[in-house]
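J.: Below are the structure tokens for one structure; questions will follow.
The values are calculated or read from the model by the stated rules, or taken from the named source; none is laboratory data. Just so we're clear, the structure is a prediction, and the values are computed from it rather than from any experiment. Neighbour counts are summed over all protein chains in view; Cβ atoms, including those assigned to glycine, are modelled from backbone coordinates with ideal geometry. Surface accessibility is based on the protein's heavy atoms, side chains included, excluding ligands, DNA and RNA. Shrake-Rupley method; radii C 1.70, N 1.55, O 1.52, S 1.80 Å.
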Amino acid sequence: MSSSVDLKPAKSLTQYLENYTEKPIRAAVVRISNESSFEVSDTVDKSPSFESDFEKIRQVLLASSEPAFVLVHDQNRNDLLQFISYVPDSANVRNKMLYASSRSGLIRIVNMSKIDKSFFASAPEELSYKSFFDKVTKETDTAPLRQDEEDRQQVDESLQSSTSQKRSLVTGSIAMELNDDALKAIEKFRSVPQNTLFLFSVQDEVICLEDEKESIAASDVKSFFHPSEPRFGFYSLSKDEQSKHLFIYICPMQSSVKNRMVYSSCKLAFLNKVEKEFGIKIDGRLESNDSADCTEKEIHQTLGLIDTSKESNTRSGFSRPRPPRRR
């Protein structure tokens, strides 16, 4: 998966962000210019109808096959901005990767404290006002705590409880829930027998338990991950009668841009939730674009079950002999 790309804000973006709440602008469409800066390419003026304004935003986005970010001013949500990431399936691969890898950079420029929710779309049917409205108003009664996002690798989390007793997870600007099976699985992960694997997927922005496997040899773990979609995994082993817990994140290169963005955005907060709220010590993290990298040796080495110093000494025995010292 592509690494984060930091681009500079163009003058048009800087000017928009200055006192945007006082401007008669409903939305600013932001695109990447010359692969070097974020520029406001279009704006949509405010009208008395938010729904009408959203339809105008939709028309602007659908008029081009190029991806775009949209900052939507929502005076009904404490004057915060709704953040839309639109990466159409018809966009070329280079643009898809560029926008996916630069999203966190734009969020830093805007400032996380000014963003209410994030909304992803990759097809025209996903750009509906109903979907947007449902997303924005979701969990209105339990507003999450907000913190600045220092960088893509340090996503701060904010926790909240919903009326359905599902625990919510706020990752960056994406609010996600864990379904009941996922919560039970994490709780069970504390004391499961060795060689147990839990797999989690994200479905409709809810983290769900996909599978639970017992008595899985470390050499077979890689075979349970989806070949073309991201997945999170937790795997247990034991050494000297002590349990070892491994976090696994596999994100295949052929997975959709939308999936890569969603999983990468919630990865660290999901891991932090397991460690901080459930009190489970994660002894190692294994992340890759290919499940084939999740070998028995790599698992054992990541968990510290292989003495790398001895392995190094063993290899040194085959190194070229030194020449004799001068007398």
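J.: How high is the relative contact order of segment 177-308, in percent, with contacts defined as C-alpha pairs under 8 Å that are six or more residues apart?
T.: Computed value for segment 177-308: 23 percent relative contact order.
J.: By the gyration tensor of its Cα atoms, with a ≥ b ≥ c the square roots of the eigenvalues, what is the shape of segment 177-308: rounded for a/c under 1.5, prolate for a/b over b/c, or oblate?
T.: Verdict is oblate for segment 177-308.
J.: For the pairs Lys117/Lys281; Lys130/Lys276; Lys138/Lys244; Lys23/Lys273; Lys56/Lys184, flag any whose C-alpha to C-alpha distance is greater than 32 Å.
T.: Lys130/Lys276; Lys138/Lys244; Lys23/Lys273; Lys56/Lys184
J.: Mind listing the long-range amide H neighbours of Leu286? Cut-off is under 5 Å, sequence gap 5 or more, other chains count too, H placed in the peptide plane at 1.01 Å from N.
T.: Amide H neighbours of Leu286, under 5 Å, 5+ apart: Phe247, Ile248, Tyr249.
J.: Taking the Cβ of Lys56 as the center, what net charge do the other residues with Cβ under 12 Å away carry, scoring Lys and Arg +1 and Asp and Glu -1?
T.: -2
J.: Nearest 5 percent is fine: what portion of the DSSP beta bridges confined to segment 8-138 is antiparallel? Write down the numbers at each step before the final one.
T.: Details: 19 of 26 bridges.
Here the share of antiparallel DSSP bridges comes out near 75 percent.
J.: Another question, if that's okay. Please give the net charge around Val44, taking every other residue with its beta carbon less than 9 angstrom from that of Val44, where Lys and Arg add +1 and Asp and Glu add -1. Numbers along the way, then the final one.
T.: On the way: positive: Arg26, Lys46, Lys56; negative: Asp42, Asp45, Asp53.
Charge balance in the 9 Å sphere: 0.
J.: If you don't mind, there's one more thing I want to ask. Take every DSSP beta bridge whose two residues both sit in segment 177-308, then give the antiparallel share in percent to the nearest 5.
T.: Given both bridge residues lie in segment 177-308, the antiparallel proportion sits at roughly 75 percent.
J.: Please give the charge dipole size of segment 8-138, origin at the Cα centre, charges +1 on K and R Cβ atoms and -1 on D and E Cβ atoms. Round to the nearest 20 debye. Numbers along the way, then the final one.
T.: Working: 18 positive and 17 negative charges, 73 e Å.
The dipole of segment 8-138 has a size of about 340 debye.
J.: If I histogram all Cα-Cα distances within segment 8-138 using bins 10 Å wide from 0, what percent of pairs lands in each bin?
T.: 12, 49, 35, 4
J.: Tell me the per residue accessible area of segment 177-308 using a 1.4 Å probe; a whole number in Å² is fine. Working shown, then result.
T.: On the way: 5730 Å² over 132 residues.
On a per-residue basis, 43 Å².
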